[in-house]
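Here, each number is a calculation from the coordinates, and none is a lab measurement. Only a predicted model underlies this, so the values are computations on that prediction, with no experimental measurement involved. Cβ: placed from backbone, ideal geometry, glycine included. Neighbour counts: every protein chain shown.
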Amino acid sequence: MKILRDINNLDLRNTYIAIGSFDGIHRGHQYLISKMIKDAKKNKHPSVVLTYNPIPRYFINNFKDDIMLTTLDEKVSLISQLNPDYLVIINFTNHIWHMKAYDFLRNILVTKLDVQKIFIGENHHFGYNRVGTPEFIKSYKDVFSFDIEIIEPLFNHHSKRAISSSLIRKLLYERVFSDVLDLLAHPYLISGTVIHGKGIGKNIGIPTANISVEKGKLLPSNGVYPSKVKLENKIYDGVLAIGTAPTMKNEKTKNIELHIFNFNDNIYNYKIELYLIKYLRKEMFFDSKEKLINEINKDIKQSKDILKEVTEYGFKQRG
């Protein structure tokens, strides 16, 4: 997958394009992108995923709320697993926000990308005031000689609700983590950088790495999560704690602390990816250090048992 970031220098020919914000790369996104790639290969066209950074909703809300299911790095990592030929990342600025839908269609999709077929979700819009609906695009297909396939939402098997990034955010706020994983069809991904902490974990015999994440990233509810860990292209098992560490620190803001099993290397400033496999328990306060240590050891044992059964940390199902 080749990544293209400069829309001023785009010059692709005869492309099939999947367009969307694709926040979370959930089951519906995977279906849309995979269908585009399959059709592109069948008809011998380059396959292109076109997305935005940051997601428009975060930009338009003036970066106020932590709403991103995937940061750009996370989105790139997940889309790369689907293996399109190209990923085009449009820097979402005031200029793009206020661009008329017709200009976006003609100047970017038609002129710069020479689109032959557009794959778009039924609820995706582009252009100022969200004028660029699927029906709007369809009205120009004969004018610019391209085809369009409008993909209807997929539905969750249990709740019968349409799968969407908004629904996943809602479930994260409501602490329904098992449903989040079902809608994503992959573990919840948190990427970041290892930073210096207060050394409390090391002092109690359970060393942890503190993780700094990008502003705007939506973190799951405070609690403990068995996780697969990707570090320097190697995969490890670990257990992740998200919260304020009420027993030892009682911070005002969320901390992300990771204990990697059987691992003692110095990894400060390293980039790291965490694939959250399951919600184990909520964050709790303990009235003694000994009780905290006992509970952490239980978390480690349970997490090891859970992660033994996990052989795949990527997509569970495609298409």
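Points to keep in mind about this one:
- For the stretch 182-203 and the stretch 78-93, distance of Cα centres in Å: 24 Å
- Separation of the Glu251 and Lys308 label points, Cα + 7 Å toward Cβ, nm: 3.2 nm
- FRET efficiency estimate (nearest 0.05) - Cβ-Cβ, Asn43 to Tyr173, R0 35 angstrom: 0.25
- With contacts taken as Cα pairs under 8 Å and at least 6 residues apart, the chain reaches a relative contact order of 18 percent.
- Shape of the stretch 10-151, Cα gyration tensor, a/c cut at 1.5: oblate
- Cleavage-rule hits, trypsin sites (Lys or Arg not before Pro), the stretch 1-44, DSSP coil, Cβ neighbours within 10 Å at most 13: Arg5, Arg13, Lys44
- Neighbour-limited loop hits for trypsin sites (Lys or Arg not before Pro), the stretch 196-278 (at most 12 other Cβ within 10 Å; DSSP other than H, G, I, E, B): Lys215, Lys252
- On full extension, the segment bounded by Asn129 and Asn294 gains 53.9 nm, given 0.36 nm per residue less the C-alpha separation.
- Structure-based [θ]222 nm, the chain - -39500 (n - 2.57) summed over DSSP H runs of at least 4, per residue, nearest 500: -7500 deg cm²/dmol
- Residue pairs, from the table Lys42/Lys112; Lys160/Lys282; Lys230/Lys282; Lys2/Lys234; Lys75/Lys234; Lys198/Lys301, whose Cα atoms sit over 21 Å apart: Lys42/Lys112; Lys160/Lys282; Lys230/Lys282; Lys2/Lys234; Lys198/Lys301
- Sequence-ordered 3J(HN,Hα) estimates for the stretch 287-304 from the Karplus curve with 6.51, -1.76 and 1.60 and θ = phi - 60° stand at 8, 8, 5, 5, 5, 4, 4, 4, 5, 4, 5, 5, 4, 5, 4, 4, 5, 4 Hz, glycine and proline given as x.
- Backbone N under 13 Å from the Lys2 label point (7 Å along Cα→Cβ), restricted to the stretch 67-105: 85-88
- 3J(HN,Hα) from dihedral phi, the stretch 151-159, Karplus parametrisation 6.51/-1.76/1.60, rounded to Hz, x for glycine, proline: 9, 6, x, 7, 10, 5, 4, 8, 8
- Charged side chains reduced to their Cβ positions (Lys and Arg at +1, Asp and Glu at -1) give the stretch 10-151 a dipole of some 300 debye around its Cα centre.
- Simple spin-label estimate for Glu214 and Asn233 gives 2.2 nm between the two label positions (7 Å along the Cα-to-Cβ direction from each Cα).
- The calculated FRET efficiency for Asn94 paired with Ile195, based on their beta-carbon distance and R0 = 35 Å, is about 0.60.
- The simple Förster model, with R0 at 25 Å and r as the Cβ-Cβ distance, assigns Asn62 and Tyr102 a FRET efficiency of 0.40.
- Distance between the stretch 227-287 and the stretch 3-77 - C-alpha centres, whole angstrom: 29 Å
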